[in-house]
Every structure is written in structure tokens, then in C-alpha cells.
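A quick write-up on the structure given underneath.
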């Protein structure tokens, strides 16, 4: 079949390949979003016990994101480290530098909407950031319509003995900005 000839059903051969490639990317993205949510769900209940035990449940989040546990104490916020860890475990190459950093700019995109609805377009598997004291990172499990989000988050009160929990109290309009998992 020549380059200009059509394949089955009148679709150009090269067009059919690019359509298949787009579908594969879309399916892969759904898989990544599902993995993000599944991994975050597996961590529900993991506690911040840095001052009560020699076995620190949070150490894996620090170590796997390249952060030193030596300086981490009961005042260290770890919500963003947890969110970054979930993305890493889901197969995305990102790092933590007080924000989620994607050196290749192909895995996540920072979305900072101006004005009203700063969470417009957020989807399950994305990471939302709430303006709370400084900031608070949450993994979005579901967008239930209207303005409600179901999130999975750690260090939600900024106190010792916090654990990873599911929250039904976050709103899309309450987001400061968010990280969209790419490609969209």
C-alpha cells in the first residue's frame, strides 16, 4: 500500500497508526491514574510515629523521594513528600523540592488558574494543593461533581501522630493550584 493510499474503511495507513498510538497513550494514562489512586489507598492509616518508635512508617516516603530522614522530626510536613512518593511508585519520574518537580516536563504539569475556580479540570490521580498555613498537598481520588473532592492525604493537621487518611471535606474551589498527570 503506497503512502497516499487508504487503508481499511478509508482511513489512511499513517492516520490509523497515529489513532492507535493516541488510543494507547489514553489507555496508559488511565492506567497511571488508577495506579496513583490504588497506591495512595494502600497507604491509608500509615501513621506519623517518628517520636514513638524505632520503626518509622514514614521513612520510606522520605528515602524514596531522596529526602534525608535525619532532619525530619515531628514538625516536618510530609504531605507533599507523600504525594510525590505516590507519583513515583506509579511510574512517574518526578522529584520533591518543596513542590513536585518534573525535570523532563512530560509527566506532570503545574496548573495555576487565575481567579475563581482554580481546580477546573482536575481529575482523579491529579495532586491538588490547598492554601493551608503554607500549603497542603492532596492526592485526588474522585471528583464527585458540584465542588466536592475525595482526597487521600497525609500530615493533614501538621501535628505529630497524623496518619494518611481519606477526606471528604476538600473542594475544587478550595485549591490553590494543582498538578495534572500528563498526557491529558
Quiz item: For segment 87-184, list the strands (runs of 3 or more DSSP E) that sit wholly inside it and hold at least 3 residues that are touching a strand residue (DSSP E or B) at 6+ places or on another chain (Cβ under 8 Å), modelled with pLDDT of 85 or more and farther than 17 Å from residue 39 by Cα; which are they?
Solution: 108-111, 175-181
Quiz item: What tally of residues in segment 93-109 results from selecting those that are on the phi > 0 side of the Ramachandran plot and buried (at least 21 other Cβ atoms within 10 Å of the Cβ)?
Solution: 0
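The values are calculated or read from the model by the stated rules, or taken from the named source; none is laboratory data. Fair warning: this is a prediction, and the values are worked out from it, not measured in the lab. Cβ sites come from the backbone with ideal geometry, for glycine too, and all protein chains shown count toward neighbours.
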